[in-house]
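Undergrad: Dumping the structure here so I can ask a few things about it.
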Amino acid sequence: MGRFWRTLDRTLIRDVAALAAAAGLVGLSFGAIAIASGLPAWAVITMSVVVFAGGSQFMAVGMLAAGSPVAAILGGLLLNARHLPFGLAVADVLVGAWGSRLAGSHLMIDESVAFALAQSDPRRRAGAYWLTGISLFVTWNLGTLLGVTLGGVVDDPARFGLDAAFPAALLALLLPRLREASVRRVALVGAAVAVAGTFYLPAGLPVLLALVGLLVAVRQPALAESTP
C-alpha cells in the first residue's frame, strides 16, 4: 500500500482533509443523538467501528428508539446494498493479501469510492481510496467518541443543533444535483411520500418508503424511449 501514497497531491489531500473534518462533526452528532436516544455508550462506539456507515447508523438509531429493531436491520441492509456495485467499480483497488482486501472492503463508503473513481491513473485511484477511507474512519470514530461524551452530559442535543448536522450534510451533498430536472422529480416525489407516511407509519419507515421516488427515474427513460 505504501507505494500509493507517493501518487497523492496537495489538492487531493486538502479536499480529503476538509471532508474528513466534516465527517468528524457528523460523527459527533451521531454519538450525541444515539446516547440521548437511550443506547449504551459501548454499543454506539462499537457501531461506528464495525458498521462505519453514517446513513445506516442514524437510521438504525431512529428505528431502535422507536422500538423497530427488525426495520433497523432491514433498512440497513437495503441502504448498504449499493456496496455491491461499489465493489465492482473499485475492484482494481482492492488487491493484495486477504487482510488488505478485507480492510479495504470495510473502508468502502460513498466518499472513498467517489474520490477513487475521480482518478484516471490506477495508482492515484488506489491512493485516493485509501487516504479517503482511512481519514474518514478515524475522524468519524473520534467524532462519535466525543459525541458520546457530550451526550452523557447534555440532556438535549437539539439545544446545540447537533440533531441537524447529519440532515444538513446530506442536503449540502444533494443541492448540486438538484440542478437536474430528473433528480428534482425524484426528490420531490420521495419527500412527499415520506412526509405523508409520517402520519401513519412508525419512525424510520417513511424514509424507506421514500425510495418509491426512484420509480420516477426508472419510468422517465422508458417514456423517453417510447416517444417518437
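Undergrad: Hey, any hits in segment 47-67 for a residue that's over 26 Å from L146 (Cα atoms), touching a Pro at 6+ places or on another chain (Cβ under 6 Å), in the same structural domain as G127 (by TED's automatic domain parsing) and not in a helix (DSSP H, G or I)?
TA: No.
Quick grid of which residues meet (1) surrounded by fewer than 21 Cβ atoms within 10 Å (Cβ to Cβ); (2) more than 23 Å from A32 (Cα to Cα); (3) touching a residue at least 12 places away in the same chain (Cβ under 8 Å):
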| site | (1), (2), (3) |
| --- | --- |
| A116 | no, yes, yes |
| T132 | no, yes, yes |
| S135 | no, no, yes |
| V138 | yes, no, yes |
| T144 | no, no, yes |
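Undergrad: Please tell me if A192 is outside the structural domain of R14 (by TED's automatic domain parsing), of a type outside the set (F, W, Y), modelled with pLDDT of 80 or more and not in a loop (DSSP other than H, G, I, E, B).
TA: yes
Undergrad: Give me the residue from segment 5-29 that is in contact with a Phe, Trp or Tyr (Cβ under 6 Å, 6 or more places away or on another chain) and of a type outside the set (A, V, I, L, M) and, out of that set, modelled with the highest pLDDT.
TA: Across segment 5-29, the extreme among qualifying residues is G27.
Undergrad: Here is a further query. So if I check each of S105, S135, S100, S120, which one is among the polar types (S, T, N, Q), closer than 29 Å to I13 by Cβ and touching a helix residue (DSSP H, G or I) at 6+ places or on another chain (Cβ under 6 Å)?
TA: None of the other options fit; the residue is S135.
Undergrad: Can you tell me how many residues in segment 67-111 are at pLDDT 80 or above, among the aliphatic types (A, V, I, L, M), closer than 22 Å to T46 by Cβ and surrounded by 17 or more Cβ atoms within 10 Å (Cβ to Cβ)?
TA: So the answer is 4.
Undergrad: What is the residue count in segment 19-57 for residues that are aromatic (F, W, Y) and surrounded by fewer than 21 Cβ atoms within 10 Å (Cβ to Cβ)?
TA: Total meeting the criteria: 2.
Undergrad: If we keep just the residues of segment 32-46 that are part of a helix (DSSP H, G or I) and not aliphatic (A, V, I, L, M), which is nearest to the chain's Cα centre (by Cα)?
TA: T46
Undergrad: So S29 passes all but one of these: (1) closer than 17 Å to A65 by Cβ; (2) more than 14 Å from the chain's Cα centre (by Cα). Which condition number does it fail?
TA: (2)
Undergrad: Could you say which residue among A91, A81, A72 is under 23 Å from S105 (Cβ atoms), assigned to a helix (DSSP H, G or I) and free of Cβ contacts under 8 Å to residues at least 24 places away in the same chain?
TA: Exactly one residue qualifies, and that residue is A81.
Undergrad: Looking only at segment 31-51, how many residues end up being touching a residue at least 24 places away in the same chain (Cβ under 8 Å) and either farther than 25 Å from A194 by Cβ or in contact with a Gly (Cβ under 6 Å, 6 or more places away or on another chain) (or both)?
TA: Adding up the residues that qualify gives 9.
Undergrad: Hey, does segment 129-146 have a residue that's closer than 24 Å to G62 by Cβ, assigned to a helix (DSSP H, G or I) and either modelled with pLDDT under 80 or small (G, A, S) (or both)?
TA: Yes, the conditions are met somewhere in segment 129-146.
The values are calculated or read from the model by the stated rules, or taken from the named source; none is laboratory data. For clarity, every value in this text was computed on a predicted model and none was experimentally measured. Please note: Cβ atoms are built from the backbone with ideal geometry, for glycine as well, and neighbour counts cover all protein chains shown.
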